Amino acid sequence: MTTLNHPSGNAGCISQYDPQALPVSAAQAIVLQWVTPLAASERVPLREALARVLAEDVISPIDVPAHDNAAMDGYAFDGAALADGSGHLSLAVTGKAFAGHAYSGEVAAGACVRIMTGAPMPAGCDTVVPQEHVSAQGDIIAFEANIVRRGANARRKGEDLARGGVALAAGRVLRASDIGLLASLGLVEANVKQRLRVAYFSTGDELRLPGEPLEPGCIYDSNRYALGAMLQRLNVEAIDLGVVRDDPAALAATLKLAAETADVVLTSGGVSVGEADFTRTQLQTLGDVSFWGLAMRPGRPLAFGRIWSGGRPGAGRAALLFGLPGNPVATMVSFYQIVRPALMAMAGAQAQPVPLVPALSDQPIKKRAGRTEFQRGLARRDDSGQWRVAPTGSQSSGALSTMSEANCFIVLAHEAGDLDAGDAVDIMLFDGLV
Ligand code: AMP
Ligand code: MG
């Protein structure tokens, strides 16, 4: 039986798996067991807080709104006058209330105040009749009582957020609405987790930099650009360590430097079983390997473990290492499915899993049972509102154009076999609104 290294030494619970072909769900669970969320936090101005992770609960220091106020332009009055809600009402207008300019007088029975949206409700008033429902004659307004119910068109103090309540919970990845919400509480900064430092580099003698001439047998290094962009989306501090040649000594030196400077290290290429694939053996030398293969397509070779800047386990600083496959689509799929959840957890984020949307396949799909597949798909909603999806042409793990062409992954479960046209599948959409 194969056992997998585990930071707690408790390898037993994961020992039933082959470290060369771990089911995706098991790999995701193991990776999360190895993760320790960052402890350090810092205060940043609201304008720099977007996509940062809240380090502590934000307790509302005030009621929002701070006072009862009008939700419509109209006339505020005591809704008791509506009595049984029938008949014709006539009220005398005794003053005006604007947003930022309260009406401070008393509103007697039979009277009302002209009020604009957002203006504080005058004392004694709890209801607003919208202006389009009244007829005005000089300072007298009239309307049918059944037009409004008592309390209508008024927002209550604390209705949005009550003072002393948790406005946003620790672990929240701040969105645009959250930045606005923090501002609505009068706060000028947010206490957020420090950004995770992620070092990344490409490996391969064949790699050339964009802008350089392409010699025979060479290709441009695209993985470092895709990885850099995906890291940018996660708002981590990304440290680009360039391209490392297929040379064990150069690889070891860069891995040690990466562990010295970063919390997580991502490499691409050199993790399969070719004669120039050194990443996994270096991981074995410099630290602990957990697994080095997934029952996943694309993305079968993937080395995961921990490396130490001192060159052996326990020496110097430790960093998690993800040795991602070199094929560009496999690099991206591995990042989204395995690395991303780990980075979020390490950054202290309480992130919801990315939603899976049920869809019907437009075509038969070839699928081998015993591995999770992430095919690139084009999804659309048909006239009845049903999601339908078709795989993008080539499913080659080297064809990055399939990622650009696609708008979703078609997620084919570990145990699933071939699918017929019309069969149900899950899709994971690439783009969200916020
Ligand atoms: P490897 O696992 O190193 O054998 O890489 C697998 C395939 O991915 C090979 O065809 C490599 O040329 C290609 N590849 C590796 N690294 C990169 C990269 N940074 N950008 C584009 N393709 C790459
Ligand atoms: Mg290589």
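Only beta bridges with both residues in the chain are counted; by DSSP, about 65 percent of them are antiparallel. Element breakdown for the stretch 69-155 at a 1.4 angstrom probe: carbon and sulfur atoms account for 50% of the accessible area. Using a cutoff of 8 angstrom between alpha carbon atoms and counting only pairs six or more residues apart, the relative contact order for the chain works out to 16 percent. Remark: accessible surface ordering of 106, 212, 260 (largest first) is 106, 260, 212, probe radius 1.4 Å. Surface calculation, 1.4 Å probe, protein heavy atoms: residue 220 sits at approximately 90 Å² accessible. Find the centroid of the Cα atoms in the stretch 123-185 and in the stretch 62-88, then give the distance between the two in whole Å. About 10 Å separates the Cα centre of the stretch 123-185 from the one of the stretch 62-88. Heavy atoms of the protein chains alone define the surface here; on that basis the stretch 174-228 has 47 Å² accessible area per residue at 1.4 Å probe size.
Solvent-accessible surface of protein heavy atoms, probed at 1.4 angstrom with all chains present, puts 366, 193 in the order 366, 193, largest first. Highest mean packing comes first when the peptides 173-185, 350-362 are listed by Cβ atoms within 10 Å, giving 173-185, 350-362. Put a dot 7 Å past the Cα of residue 48, heading toward its Cβ, do the same for residue 146, and the two dots end up 6.1 nm apart. Remark: the residue 209-residue 423 segment gains 72.7 nm on full extension, using 0.36 nm per residue and subtracting the alpha carbon distance.
Ligands, DNA and RNA left out, the 1.4 Å accessible surface of the stretch 357-429 is 50% carbon and sulfur atoms.
Solvent-accessible surface of protein heavy atoms, probed at 1.4 angstrom with all chains present, puts 58, 188, 243, 339 in the order 188, 243, 58, 339, largest first. Taking the helices alone, the chain has a mean residue ellipticity at 222 nm of -4500 deg cm²/dmol, built from -39,500 (n - 2.57) per DSSP H run of at least 4 residues and averaged over all its residues. Taking amide H atoms as placed 1.01 Å from N in the peptide plane, the amide H of residue 321 lies under 5 Å from those of 265, 305, 306, 307, each 5 or more residues away in sequence or on another chain. Solvent exposure of the stretch 69-155 amounts to 50 Å² per residue of accessible area, where only protein heavy atoms count and the probe is 1.4 Å. Note: relative contact order over the stretch 335-434, using C-alpha pairs below 8 Å and six or more positions apart, is 36 percent. Remark: the stretch 282-434 carries 43 Å² of accessible area per residue (probe radius 1.4 Å; ligands, DNA and RNA excluded).
The values are calculated or read from the model by the stated rules, or taken from the named source; none is laboratory data. Model, not experiment: these values are computed from the prediction. Reconstructed Cβ throughout: ideal geometry from the backbone, glycine too, with neighbour counts over all protein chains shown. Side chains included, ligands, DNA and RNA excluded: accessible areas come from the protein's heavy atoms. Shrake-Rupley method; radii C 1.70, N 1.55, O 1.52, S 1.80 Å.
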